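The values are calculated or read from the model by the stated rules, or taken from the named source; none is laboratory data. As the structure is a prediction and not an experimental result, all values here were calculated from the model. When the accessible area is computed, the model is the full protein with side chains, heavy atoms only, and any ligands, DNA or RNA have been set aside. Shrake-Rupley method; radii C 1.70, N 1.55, O 1.52, S 1.80 Å.
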Amino acid sequence: MDFLDLLRAIFGLAFTLGLIGGAAWLARRYAPQLLARLSAERGERRMAVIETLVLDPARRLVLVKIDDEERLILLGEGRELIEPRGKGT
């Protein structure tokens, strides 16, 4: 391997690292705006997780908002328990 081959390898490595760095910079600069535009096209979401609370390693409480109603769900041990709600509450 002579000096020209070594120089070509170093230039190739620098070029490749520059391309990776440029792609990372472009993603950091423009990706949040693209993701926001994509989520705006999807429209309003009807369901959202408001809060979660881990009770123990097997169970957790999840507060979910569906349309304008919040529901409390107990997840764990292979089953789900949804808080019963009447029309008036």
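Applying the criterion of being over 23 Å from the mean Cα position of the chain (by Cα) and among the hydrophobic types (A, V, I, L, M, F, W, C) to the residues of the stretch 49-71, the residue that is most open to solvent (accessible area, probe 1.4 Å) is Leu55. The residue that is modelled with the highest pLDDT, among those in the stretch 37-89 that are part of a loop (DSSP other than H, G, I, E, B) and of a type in the set (Gly, Ala, Ser), is Ala58.
Could we say that Leu34 is assigned to a helix (DSSP H, G or I), modelled with pLDDT under 85, among the hydrophobic types (A, V, I, L, M, F, W, C) and open to solvent by less than 100 Å² (accessible area, probe 1.4 Å) here? Yes.
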